[in-house]
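One structure below.
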């Protein structure tokens with residue numbers, strides 16, 4: 001992490017590798033916490049930890065194929081844990097696209113700076129919610145509002161949490 | 001296989017995975033009124049092709065029915081037309097046969113009614129070649145017992161007499177010929193007078209005095225005096241009466257349809273014959289007047 005946010009060619013971007021099982025463990029933990037934490041702290045439902053993990057590993061791995069596959073797996077697992085009201089594929093589609101976008105952007109930008117991570121996470125969160133609303137509206141015929149204050153607040157909160165979380169996850173990298 | 005550029009592989013993978021998940025969604029989602037989304041999508045995706053296919057097949061079917069099949073229809077129509085013509089011809093033939101049967105039945109009845117009169121049926125096989133004489137050819141001749149001067153009749157009336165008899169055919173001079181004649185009399189007044197032809201459709205009754213009463217439409221029958229035809233055979237009806245000097249000019253419409261003869265009866269006896277007449281209840285009356293009576297015999 002060099003503390004900069006600059007545009008570079010893809011060949012000069014460093015591809016981070018993680019310790020064995022780090023991605024799996026981080027993903028499972030995020031899903032477990034996401035599923036269990038709001039039970040005790042209702043306000044925690046505003047967080048989308050699986051999304052943050054997807055964004056992080058997408059930005060770090062910088063491989064679109066890996067990013068979208070990871071997003072798909074995380075999204076489908078989240079769908080599976082979300083109960084019968086959420087059909088399989090709802091989060092899967094959204095996180096697949098976010099994983100792809102994150103890894104694609106990560107391959108072109110240096111996203112190690114906390115400000116960059118904050119901005120990108122907020123943007124990806126809004127995009128993620130937009131994809132979910134789009135899916136609900138088009139595929140599921142479920143009318144959902146596109147934009148509201150809750151969305152922006154949630155985006156900011158998740159972006160703030162992401163800055164901290166990503167620092168923690170940085171520790172899982174191989175040096 | 002089409003090689004996918006490496007930079008696009010992830011994009012293709014993304015599209016494939018998104019598509020799979022969309023399908024996954026579609027399989028799960030069941031809309032209230034339209035069933036499962038996958039079914040809605042499938043129907044929505046396939047129905048345009050089905051519709052196009054239906055229209056296409058419909059167009060092909062209609063084209064086949066209205067164009068190509070018309071060729072068969074034309075053939076069938078042609079065949080039906082031929083069959084129709086054949087059937088019409090058959091009907092005409094059957095009608096002809098029915099009419100022939102009727103005529104033959106009439107001849108047979110006539111023969112049965114006059115069983116004591118020897119006669120033979122003959123078919124008209126031809127007519128005279130020229131206009132100078134009014135003759136017909138019969139399919140029976142000397143081998144059938146036909147001889148010259150034998151009388152020829154139909155149930156309707158007198159036709160003429162045989163003027164030539166060949167082994168297998170015979171020639172008949174019609175009553176309308178100028179040289180033809182028959183001993184006749186008026187059925188009501190019993191006035192006797194020969195009736196002869198003039199080469200025209202109507203006959204002439206020649207020797208009826210002016211003061212003898214003759215009515216239009218009166219029947220003329222054979223008198224038997226010509227020794228060819230039996231008595232009381234219909235000859236015709238009075239069609240026209242004019243005063244003359246010294247005899248009336250009486251024109252007779254032949255009883256037999258001499259212009260359309262197909263079957264006739266040939267009287268096989270040259271002896272004087274007496275014909276039974278169902279309508280005649282009394283004996284023949286002598287002429288009412290004492291006018292001069294010419295010989296009531298055929299001219300030839």
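Tabulated data
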| quantity | calculated |
| --- | --- |
| Span from the the stretch B:218-242 Cα centroid across to the the stretch A:60-103 one, whole angstrom | 126 |
| Estimated [θ] at 222 nm from DSSP helical runs (n ≥ 4, -39500 (n - 2.57)) normalised by residues in chain A, nearest 500 | -22500 deg cm²/dmol |
| Order of B:8, A:113 under a 10 Å beta carbon neighbour criterion, fewest first | B:8, A:113 |
| Per-pair calculated FRET efficiency, R0 = 45 Å: residue B:19 and residue A:40 via Cβ, rounded to 0.05 | 0.70 |
| Separation in nanometres of the label points that stand 7 Å from Cα toward Cβ, at residue B:60 and residue B:100 | 5.7 |
| Most fluctuating residue given options A:116, A:45, A:26, as computed from a GNM of chain A linking Cα atoms under 10 Å | A:45 |
| Residues A:56, A:91, B:67 arranged by fewest to most Cβ contacts within 10 Å | B:67, A:56, A:91 |
| Intensity falloff of the stretch A:10-170 expressed as log10 I(q)/I(0), Debye formula with alpha-carbon point scatterers, at q = 0.08, 0.11, 0.14 Å⁻¹ | -0.21, -0.40, -0.65 |
| Cα→Cβ-extended label distance, 7 Å offset, between residue A:168 and residue A:28, nm | 1.7 |
| Exposure proxy ranking, count of Cβ atoms within 10 Å, fewest first, for B:205, B:150, B:225 | B:225, B:150, B:205 |
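Bear in mind these aren't lab numbers, they're just calculated from the coordinates by the rules spelled out. All values reported here derive from a predicted model rather than from experimental measurement. Cβ coordinates were reconstructed from backbone atoms using ideal geometry, including for glycine residues, and neighbour counts include every protein chain displayed.
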